[in-house]
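Novice: Submitted below is the structure of interest, expressed as structure tokens.
The values are calculated or read from the model by the stated rules, or taken from the named source; none is laboratory data. Please read these numbers as outputs of a predicted model, since none were measured by experiment. Methodologically, a virtual Cβ is constructed for each residue, glycine included, from the backbone with ideal geometry; neighbour enumeration extends over all protein chains shown.
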Amino acid sequence: DAGVTQSPTHLIKTRGQQVTLRCSPKSGHDTVSWYQQALGQGPQFIFQYYEEEERQRGNFPDRFSGHQFPNYSSELNVNALLLGDSALYLCASSLPRLDEQYFGPGTRLTVT
Amino acid sequence: GESVGLHLPTLSVQEGDNSIINCAYSNSASDYFIWYKQESGKGPQFIIDIRSNMDKRQGQRVTVLLNKTVKHLSLQIAATQPGDSAVYFCAEKEGFQKLVFGTGTRLLVSP
């Protein structure tokens, strides 16, 4: 049973560029949440997708956007990258009526 | 805003000891809590969860205690092993399934 997968593993971008991160949920899961984890901090909720729509959003600017596909996979897009966007980006999947969320290994984004 | 915090940033124990990691939460309306273990370079790994209608829940070598009166959560690990060394996060659910995490406690287990 495949767990949550994310790609790429690592990414280096320049300030001002745009980035797209990808996530495939755990088999059978249809809800995907994205989190940002700065070094030494706990994950911060960005948003959640269910039925291809954003269902809940955290305190992140509009530069952060997402998408969910019919196969439940998801993308996180960040525009106009800032140095402060450097972090580990985590994807978590779950079932809508169960609260357990399972995390992927993350994508380490470095903005220079 | 609402937050979840931890009392101890680092906990050092000897192999075989029992470990207790504490967490304070501030949202009295939260009805679901979860503990994660995160090893270096990896994503958080689910350990155990508990709903607000329970005071205690046990898993394999782990127990979570919930005290709603003082808004306190703890994770007990029995017979701690070197493989338990990691950062542990507690989190509370807010809204649909938004998890609010604290900053974490690092557990160091010495052989």
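Novice: Do you know which residues across segment B:11-25 are within 14 Å of another protein chain (Cβ to nearest Cβ) and either farther than 18 Å from B:D49 by Cβ or surrounded by fewer than 21 Cβ atoms within 10 Å (Cβ to Cβ) (or both)?
Specialist: Passing the criteria: only B:A24.
Novice: Now, a different point. When residues of segment A:18-32 are filtered for being part of a strand (DSSP E or B) and of a type in the set (G, A, S), how many remain?
Specialist: Result for segment A:18-32: 1.
Novice: Residues in segment B:27-50: is at least one farther than 26 Å from A:Q6 by Cβ, part of a loop (DSSP other than H, G, I, E, B), at the interface with chain A (Cβ under 10 Å from one of its Cβ atoms) and charged (D, E, K, R)?
Specialist: Here is the first cut: in segment B:27-50, the ones farther than 26 Å from A:Q6 by Cβ are B:27-31, B:50.
Imposing the further condition that a residue be part of a loop (DSSP other than H, G, I, E, B) reduces the set to B:27-31.
This time we only want the ones that are at the interface with chain A (Cβ under 10 Å from one of its Cβ atoms), so: B:31.
Checking which are charged (D, E, K, R) leaves us with B:31.
Yes, the conditions are met somewhere in segment B:27-50.
Novice: Starting from residues that are among the aromatic types (F, W, Y) and closer than 23 Å to B:Y36 by Cα, keep the ones in segment A:61-112 and report whichever is farthest from the other protein chains (Cβ to nearest Cβ).
Specialist: Result: A:Y89.
Novice: Has segment B:81-97 got at least one residue that is within 12 Å of another protein chain (Cβ to nearest Cβ), small (G, A, S) and surrounded by fewer than 17 Cβ atoms within 10 Å (Cβ to Cβ)?
Specialist: Within segment B:81-97, one or more residues are within 12 Å of another protein chain (Cβ to nearest Cβ), small (G, A, S) and surrounded by fewer than 17 Cβ atoms within 10 Å (Cβ to Cβ).
Novice: Let me spell it out: the conditions are (1) modelled with pLDDT of 95 or more; (2) surrounded by fewer than 21 Cβ atoms within 10 Å (Cβ to Cβ), and B:S28 meets all of them except one. Which number is the exception?
Specialist: Result: B:S28 passes all but (1).
Residues checked against (1) more than 27 Å from B:G102 (Cβ to Cβ); (2) out of contact with any helix residue (DSSP H, G or I) (no Cβ under 9 Å at 6 or more places or on another chain); (3) among the polar types (S, T, N, Q):
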| site | (1), (2), (3) |
| --- | --- |
| A:S7 | yes, yes, yes |
| A:G16 | yes, yes, no |
| A:Q36 | no, no, yes |
| A:Q44 | no, yes, yes |
| A:Y50 | no, yes, no |
| A:R57 | no, yes, no |
| A:F60 | no, yes, no |
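Novice: Does segment B:77-93 include one or more residues that are within 12 Å of the chain's Cα centre (by Cα), closer than 14 Å to A:G42 by Cα and acidic (D, E)? Before the answer, list the steps.
Specialist: Within segment B:77-93, the first condition is being within 12 Å of the chain's Cα centre (by Cα), and the residues that meet it are B:77, B:86-92.
This time we only want the ones that are closer than 14 Å to A:G42 by Cα, so: B:86-92.
Applying the additional criterion that residues be acidic (D, E) yields B:92.
Yes; the residues of segment B:77-93 include at least one that is within 12 Å of the chain's Cα centre (by Cα), closer than 14 Å to A:G42 by Cα and acidic (D, E).
Novice: Would you check which residues across segment A:4-21 are away from chain B (no Cβ under 14 Å) and either of a type in the set (V, I, T) or free of Cβ contacts under 8 Å to residues at least 24 places away in the same chain (or both) and list them?
Specialist: Within segment A:4-21, A:I12, A:T14, A:V19, A:T20 meet the criteria.
Novice: Considering only segment A:22-53, state which residues are of a type in the set (A, V, I, L, M, F, W, C) and either within 10 Å of another protein chain (Cβ to nearest Cβ) or within 14 Å of the chain's Cα centre (by Cα) (or both). Outline the logic, then answer.
Specialist: Filtering segment A:22-53 down to residues of a type in the set (A, V, I, L, M, F, W, C) leaves A:23, A:32, A:34, A:38-39, A:45-47.
Result: A:C23, A:V32, A:W34, A:A38, A:F45, A:I46, A:F47.
Novice: If I go through segment B:38-75 residue by residue, how many of them are among the basic types (K, R) and within 22 Å of A:F103 (Cβ to Cβ)?
Specialist: 4
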